[in-house]
Structures are given as structure tokens and as C-alpha cells.
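Asks: Here it is, the structure, as C-alpha cells.
The values are calculated or read from the model by the stated rules, or taken from the named source; none is laboratory data. Small disclaimer: the values here were computed from a predicted structure and weren't measured. Here the Cβ is made from the backbone with ideal geometry for all residues, glycine too, and neighbour counts use every protein chain on show. The area values use the complete protein model at the heavy-atom level, side chains included, leaving out ligands, DNA and RNA. Shrake-Rupley method; radii C 1.70, N 1.55, O 1.52, S 1.80 Å.
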Amino acid sequence: MKTITTLSIAIGLTLTLACNSADREHRDTAVTPTDSVIDATTKAQISTADVNMDGDEKAFIISVHSQSLYTTELATIAAKSQLPELRALVKNISPSYQKLMADMEKIAKGKGILLKRNLSKAQQKELDAIKELSSPTLDQQVLQKLQTLQAAFTNIFKEGQNLYHTDLKTYASNALAIIQQQQVPTTKLVNLVNQTGSQSTRPGEVSTP
């Protein structure tokens, strides 16, 4: 039963799923989001997994897990921010993403999918670049990415409420409520940082005076 028709589009707006191994024994391991549509290797993993699920449900499991891992790592980096409000925000939300990962790993295991907490090379490179930044550029980059991730999660969890398997539908509903609660303080902090007038830069770029 195909219940999600726009999940791949939602993921493609912000993140891509990259596979860390081509071996069949690792075909269902966690992958990490980047900036394009799901790649062919991941589609193959999803379509050939030996579980009684459709492709959208497998895509839901893999994407939620990988995005939660990325967000957790991003929050860890943000802990070095000189902005107390940002440190407080990520300290508050980080446990939620750790729980999202743990709960999804438990659900996936019951369905025959092994999820590993591995970042792709592209994702690790991006996070390494952010680590080199300092406030206020660090603050802006982290907050921009948090907003993007939260928007993607919102779309995916809304679609996830229409999945066939009851445990995934329940997971999606509970997770959506968590993300929506986080969006308000995140948006407030984004507005606060933007009001400082500091020029935003991308990782690897240098702010022009």
C-alpha cells in the first residue's frame, strides 16, 4: 500500500540519503542527509530490503534516523557557541533527537532493518567545516540548518501519519508534536541573531567586513 506520495520530494528539498557501503550485508544501514534527492544506491536498498514494507516506509525509517543523527552532531558543535541562548537551545533539544534515533532503531530492528550511527563522508565534511567557525557565523549557520532540518522533519512526520504500519504512524505523530514545539524557540532565536546585523557566511567562506 503506497500511502506517502511526497516523501521523496520532502526529503529532496533539504537532504539526500547517501550510502556508506555497497555490500548487501550493510544495505540497510543508516545513511545521512545532504542536499539533493535520494540516490540510486539508496533506492535500491529500500526496494530490496527483506521486510514486509513498501518503499515509502523504508525511506521514512532511514531518512528519519539519519537526519536525527545529523541534528544531534550539529547540536554538539553548537555547544561551543558564545551565544548562551543557542547553547541552551541545543542542550534542550538534543535529547529529543537522541530519543528519535533510539526509538527508530528499535522499530527498524523489529522489521529486519539494521541502522548504524554513521555519517556519510559528505555530511562529516560539512560538519567539520562548521566546527571551524566561531560566533556569530557559527550561530547563524547552526540556526539556519536547524530551521531547515525542522522544516524537513515536519513534512516527513506529517506524511508519516499516513503510513500503513501502526507503529510508524504513532511514531510520526509523537515526533511531529516534538518538532513543532522546537520550531517556536528556534525561530525566536533566529530572529534575535538576525537582528544583530552580523553578516552570514557559508562554511569555508570568510565574512567581508
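Asks: So which residues in segment 166-184 are over 17 Å from residue 151 (Cα atoms) and surrounded by fewer than 20 Cβ atoms within 10 Å (Cβ to Cβ)?
Replies: Selection gives 166, 167, 169, 170.
Asks: Another one. Which of the numbered conditions does residue 129 fail, given that it passes all the others? Conditions: (1) touching a Lys or Arg at 6+ places or on another chain (Cβ under 9 Å); (2) closer than 30 Å to residue 57 by Cα; (3) surrounded by fewer than 21 Cβ atoms within 10 Å (Cβ to Cβ).
Replies: Answer for residue 129: the failing condition is (2).
Asks: Among 126, 57, which is under 14 Å from the mean Cα position of the chain (by Cα) and either under 23 Å from residue 194 (Cα atoms) or among the acidic types (Asp, Glu) (or both)?
Replies: 126
Asks: If you don't mind, there's one more thing I want to ask. What tally of residues in segment 186-209 results from selecting those that are open to solvent by less than 50 Å² (accessible area, probe 1.4 Å) and either assigned to a helix (DSSP H, G or I) or at pLDDT 90 or above (or both)?
Replies: Of the residues in segment 186-209, 4 are open to solvent by less than 50 Å² (accessible area, probe 1.4 Å) and either assigned to a helix (DSSP H, G or I) or at pLDDT 90 or above (or both).
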